[in-house]
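A short write-up of the structure that comes next.
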Amino acid sequence: MNEYTRNNSMVACIIAVIIIGAALVGVMTYYGAFGGTHINGGDWNNTTTFTFQNNNPSAPATMTIDIELDVGDVNVTFTDDPTLIAKVNVEVPNITLDTYGEPSVEFSDTAVVLHYRAARVTMILGNSSAYTFNLDIVTGAVNLTTNEHARVRGVGMQVTTGSIDASFVSDMQFVGNVSVVTTVTTGAISITVSRPTGVGMLFTGSVSTGNVDVTTTTWTLLTQNIYQTSDYDSASQQVALTASVTTGGITAILA
């Protein structure tokens, strides 16, 4: 590598750090991490929380979770309740309520839908339905945490400015061949995978400006930032994970 290439690489890294830092400061300021308020979202020290819940003794085989927020965060977990479709807590700044009215979560036979301006959303899902996630945040964060009660059929998560954090544990259940797609324009993606027995898995990381940091001792490196388990091609069930960041970083732990 010549001096010119090294200097360009260093400049690119410096630019990435500056942009990511600015984005994260913006998000933290919005949420009041520095004691401030946000002109568009309101004061997060003065909020109202709304709770929505749907139970069904005959839970459908599949459900789609569809959430869109201009600003905010979404945290998803699972619990041992075969009748629970979803319990959703939506925390909203009071000034946002004055401007946009109360949030509404729509439950149907196939989907749980929330589209709103600014909110902190905590969602608990049951263990009968297999869930497909469509989560789209303009500014903020998404955190998807699986456990032994999780049944996942598909994942699509997109954040324009902010972060995505997803963890997939070995005793969860992927239903069918599953695609997990995570996309951040400016910010960071963190993915932790402990693969279930018998599931072949593929990971692809892509960053335009920034770094991809992958830690694994069991997955095979195919080419730059593309890893797969040894049985991926022959496994009866396959899961493909894709992480894409325009400016920022990706951290993946693959076990």
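Structural remarks
- Complete set of residues in the stretch 112-136 that are in a strand (DSSP E or B) and open to solvent by less than 10 Å² (accessible area, probe 1.4 Å): Val112, Leu114, Ala118, Ala119, Val121, Met123, Leu125, Ala130, Tyr131, Phe133, Leu135
- Filter result for Glu106 (acidic (Asp, Glu) and within 22 Å of the chain's Cα centre (by Cα)): yes
- Among the residues of this structure, Asp109 does not count as one that is closer than 16 Å to Asn134 by Cα and either surrounded by fewer than 21 Cβ atoms within 10 Å (Cβ to Cβ) or touching a Leu at 6+ places or on another chain (Cβ under 8 Å) (or both).
- Residues satisfying the stated conditions in the stretch 137-176, i.e. buried (at least 18 other Cβ atoms within 10 Å of the Cβ), touching a Lys or Arg at 6+ places or on another chain (Cβ under 9 Å) and assigned to a strand (DSSP E or B): Gly140, Phe168, Phe174
- Some residue of the stretch 82-94 being over 18 Å from Thr146 (Cα atoms) and touching a Leu at 6+ places or on another chain (Cβ under 9 Å): yes
- The single condition from (1) in a strand (DSSP E or B); (2) closer than 22 Å to Trp44 by Cα; (3) out of contact with any Phe, Trp or Tyr (no Cβ under 6 Å at 6 or more places or on another chain); (4) not polar (S, T, N, Q) that Glu102 fails is (1).
- Residue match in the stretch 189-208 (condition: in contact with a helix residue (DSSP H, G or I) (Cβ under 7 Å, 6 or more places away or on another chain) and either touching a residue at least 40 places away in the same chain (Cβ under 8 Å) or open to solvent by 30 Å² or more (accessible area, probe 1.4 Å) (or both)): no
The values are calculated or read from the model by the stated rules, or taken from the named source; none is laboratory data. All values derive from a computational prediction rather than experimental measurement. Using ideal geometry, Cβ is built from the backbone for each residue, glycine included, and neighbour counts are taken over all protein chains shown. Protein only, heavy atoms only, side chains kept; ligands, DNA and RNA dropped before computing areas. Shrake-Rupley method; radii C 1.70, N 1.55, O 1.52, S 1.80 Å.
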